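The values are calculated or read from the model by the stated rules, or taken from the named source; none is laboratory data. A quick note: this is a predicted structure, and the numbers were derived from the prediction, not measured. Because the Cβ atoms are built from the backbone with ideal geometry, glycine has one as well, and the counts that use them run over all protein chains shown.
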Amino acid sequence: MHHHHHHLVPRGSVQTVGQWLESIGLPQYENHLMANGFDNVQAMGSNVMEDQDLLEIGILNSGHRQRILQAIQLLPKMRPIGHDGAHPTSVAEWLDSIELGDYTKAFLINGYTSMDLLKKIAEVELINVLKINLIGHRKRILASLGDR
């Protein structure tokens with residue numbers, strides 16, 4: 001008996017940004033997205049990405065931007081914290097849950113030591129205080145914090 005192992009991508013499994021772009025026929029933009037923090041398909045399905053952002057990261061073809069924005073609408077929405085009644089108890093736990101644990105130190109050093117303190121954070125603080133330079137990461141943080 002020979003067992004053939006098929007390496008099939010399980011349904012509902014995590015797509016990479018590259019695979020996702022491939023599926024919409026725009027693989028040439030993988031670097032644009034990855035290098036700017038749009039590096040996690042799980043975190044892109046929200047209203048975080050706008051035409052302006054795509055332009056800013058160098059996707060100049062407006063037809064291609066439209067195609068990307070339309071495809072994003074079909075991704076499962078990233079849910080803001082607390083949507084299921086579960087609230088992260090710490091800033092570290094929250095950042096880990098959105099796969100941005102690397103920023104924990106910056107938040108804590110700058111005095112954002114509890115989730116309560118994040119309720120009013122604005123994008124300008126993410127840029128100037130926390131030095132989060134990747135637009136995709138800032139957008140992910142703001143989407144996660146939801147309509148505060």
Residues of the range 85-104 being farther than 25 Å from Leu33 by Cβ and either part of a loop (DSSP other than H, G, I, E, B) or out of contact with any helix residue (DSSP H, G or I) (no Cβ under 6 Å at 6 or more places or on another chain) (or both), in sequence order, are Gly85, Ala86, His87, Pro88, Thr89, Ser90, Glu93
Going through (1) touching a residue at least 40 places away in the same chain (Cβ under 8 Å); (2) surrounded by 14 or more Cβ atoms within 10 Å (Cβ to Cβ) one by one, Glu99 fails only at (2)
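Would you say Leu54 is without any contact (Cβ under 8 Å) to a residue 24 or more places away in the chain and assigned to a helix (DSSP H, G or I)?
Values: without any contact (Cβ under 8 Å) to a residue 24 or more places away in the chain: yes; assigned to a helix (DSSP H, G or I): yes.
So Leu54 fits the description; yes.
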Checklist entry - Does Ile72 count as out of contact with any Phe, Trp or Tyr (no Cβ under 9 Å at 6 or more places or on another chain), closer than 25 Å to Trp20 by Cβ, of a type in the set (Val, Ile, Thr) and in a helix (DSSP H, G or I)? => result yes
Selection from the range 114-137 of residues under 16 Å from Ile81 (Cα atoms), out of contact with any Gly (no Cβ under 8 Å at 6 or more places or on another chain) and of a type outside the set (Lys, Arg) yields Ser114, Met115, Asp116, Leu118, Ile121
A careful count of residues in the range 28-69 that are exposed (fewer than 14 other Cβ atoms within 10 Å of the Cβ) and closer than 15 Å to Gln15 by Cα gives 1
Of (1) in a loop (DSSP other than H, G, I, E, B); (2) among the aliphatic types (A, V, I, L, M); (3) at pLDDT below 95, Ile59 fails just (3)
Note on the range 116-137: residues in contact with a helix residue (DSSP H, G or I) (Cβ under 9 Å, 6 or more places away or on another chain) and farther than 23 Å from Asn40 by Cα are Leu117, Lys119, Val129
